[in-house]
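The values are calculated or read from the model by the stated rules, or taken from the named source; none is laboratory data. All of these numbers come straight from a predicted model, not from anything done at the bench. Using ideal geometry, Cβ is built from the backbone for each residue, glycine included, and neighbour counts are taken over all protein chains shown. Protein only, heavy atoms only, side chains kept; ligands, DNA and RNA dropped before computing areas. Shrake-Rupley method; radii C 1.70, N 1.55, O 1.52, S 1.80 Å.
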Amino acid sequence: MRTTSLLTALLLAAGAAAADSFMQAPLADSERLDGDWDYIVVGTGPAGLVLADRLSEAGKKTLVLEAGTRSTYATGGREAPDWIQTSGEPISRFDVPGFFQSFAAHPDGHQCGDIPVLAGCVMGGGSAINSGIYFLPSDADWNRNFPPGWHAADTARAQSKARRRNPGTTNPSQDGKLWFPEAFDIFSQMLRGGGWTQVDANRDVNAKNTTYARTPFMNLGGLRAGPLGTYAVTALARRNARFVFGAKVQRVLRRGDEVTGLEYTRAADNSTQRIAVRSGARVILSAGALGSPKILLQSGIGPRAQLEIVKAARGPAMIDAAQWIDLPVGHNLIDHTATYIVLRHPDAGTGYNYSGAWDAPDAADAALYLRHRAGPLASSNARISLWQALGSHVVQWNGRVGTAGPFTGPNLLLLTNYLTLGTTSRGRLALAPATLDITFPELPYLTTPADTAAVVAAFEGLLAAFDKAQVPGLELVSPTREEARDVAAWVRGYALPRGSNHWVGTTAMAGGAAPQGVVDGRCRVKGVRNLHVVDAGVFPGLPSSNLVGAVVVLAERAAEVLLGL
């Protein structure tokens, strides 16, 4: 018999009922979305789902527009490979944590066509297709990045609410077994021997120096959860929250400093539709750090050179230049710079074939997951996370058994170094002429000496632990022993891709780590009194871990602020 918690079962039941009700019906060609909405939320990524839930919970009439489709079974999604479809189990492809590698190989219409990196145009956004790693933010993530009003003391209530909704788990398999413990066991032996300390990442959120933890996931009951398994389910069940899918917002329509409408493309017939925004209502862009800037630029908000590109593509449909608002939209682009260290140990084994599980899973693993939500498919592959504080920088590492680039074969262990809090390198997002697809003319990877020095220091510190611990059988693969003698040269010559796809900063909150910024402390776009942005783009600087937990807390705090206006 399948095992699941009572809370998870109730949430799934409520969500499935809501998804199969009136919200499951497609939008009729003749149906208009004009209405007495208090809030219109654009996008159902982590932030959009939190806002939809909290605003509707407060009794506000809330319209939510999503460019893509439903995802998890509880939200109305039904897409799954044949072996799940024939099982009769109430799960979709988005429910299975072990499918995280299938979305690049089998995007099946869920990839955002105008974004050059993996991005989910589907309910849940990136949180529907990522590895499900879930860290709550540290105090420093707020105090060092954000202006007053958004420091740790101000966000503490929001963080408590986020923790109650989804505390995270380090053991997502519902049989209680810690699957594939080799990476944690081997690396923790090395780190203990090097003087590092084990912590609980989501309890000890401020322990970010020579510490390590079992990697936490946002799963509940063996299913992908996070905002999709919590906030989305309760929001879908409310009659004052309306979700519309296949509605890709292109721009907001403005008259002076007020948004009076939205324009979107309807997927069903590729037609352009408009929604009127009543006086006193607020529009919130939660289309992500890559999607929200594009909407702003197409709305005449951003650097003049970019607005000229939009004007050339859109012609007279573009808002008059006299109403353009010059803000640094798309600037301050930041990502976690990634650098791998590869080791080998005879007990590491072979990394699990998560990609192959999509259409040809091991029969026993498939049965274990279908019957009990347990086994390899109940999580992705990360098993250990660690941190170092290096002056003004914090570095995070995530470890697993597996392969990377040219490093293939059995018994390989990988640690990915992420440059996080304190990163000073910045890039820029822009729109391509004619197509208006998103491009990155400037990438944010190790463009400053301080960032390069921090990565070098992180590797030197980790290699010192390696040398001190002397774990039997553990050997360096990359960098090699010879390369490790000059880590700085090895880091500068690193040839693998640097990106993590953890984008922030493109619509940054002014103050803190981004003195100019696009939005103010109310997440309101400067110069527009009823337009807000709430998503990862608002972060002025990087948080010290993977993003989803920090974005959830950001949205919880933003909901408090918005409801207080």
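Structure notes:
- A convex hull fitted to the Cα coordinates of the range 155-250 yields 185 cubic angstrom per residue.
- Estimated FRET transfer efficiency when R0 is 45 angstrom, pair Leu563-Ala322 (beta carbons, to 0.05): 0.85
- Under the Karplus curve 6.51 cos²θ - 1.76 cosθ + 1.60, θ = phi - 60°, whole-Hz ³J(HN,Hα) for the range 363-378, x wherever Gly or Pro sits: 4, 5, 5, 4, 5, 5, 5, 4, 7, 10, 6, 9, x, x, 7, 7
- Packing-based order for 237-246, 70-79, using average beta carbon neighbours within 10 Å, highest first: 70-79, 237-246
- Glu89 exposes around 50 Å² of accessible area when a 1.4 Å probe is run over every protein chain in place.
- Formal net charge of residues neighbouring Ala105 (Cβ-Cβ distance under 13 Å; K, R +1; D, E -1): -1
- Net charge over other residues, Cβ less than 15 angstrom from the Cβ of Pro444 (K, R count +1; D, E count -1): 0
- Accessible area of the chain belonging to carbon and sulfur atoms, whole % at 1.4 Å probe: 52
- Computed lengthening from Thr448 to Gln198, 0.36 nm per intervening residue step minus Cα-Cα distance: 86.8 nm
- Cysteines (scope the chain) whose Cβ has no counterpart Cys Cβ under 4.7 Å: Cys523
- Taking amide H as placed 1.01 Å from N in the peptide plane, the amide H of Leu333 sits under 5 Å from that of Gly427, Arg428, Leu429, each at least 5 places away or on another chain.
- Over the chain, dividing the summed -39,500 (n - 2.57) contributions of all DSSP H runs of at least 4 residues by the number of residues returns a 222 nm mean residue ellipticity of -7500 deg cm²/dmol.
- DSSP beta bridges fully contained in the chain are about 75 percent antiparallel.
- Solvent-accessible surface of the range 449-489, averaged per residue with a 1.4 angstrom probe and all protein chains in place: 48 square angstrom.
- Taking Cβ atoms as reference points and 13 Å as the exclusive limit, the residues near Val117 contribute a net charge of -2, counting Lys and Arg as +1 and Asp and Glu as -1.
- Residues in the range 394-410 that a label on Ala495 would reach, taking backbone N under 16 Å of a point 7 Å out along Cα→Cβ: 404-408
- Between 0 and 90 degrees, the angle of helix 304-314 with respect to the longest Cα principal axis of the chain falls at about 60 degrees.
- Take each peptide in 417-425, 312-320, 518-526, 53-61, count the other Cβ atoms within 10 Å of every residue, and average; sorted highest first, the result is 417-425, 518-526, 53-61, 312-320.
- Mean Cβ count within 10 Å, highest first, over the residues of peptides 559-565, 145-151: 145-151, 559-565
- Projected label distance in nm at Arg164 and Glu483, using a 7 Å step from Cα toward the beta-carbon: 4.9
- In the context of the full set of protein chains, the range 280-395 has a per residue accessible area of 33 Å² (1.4 Å probe).
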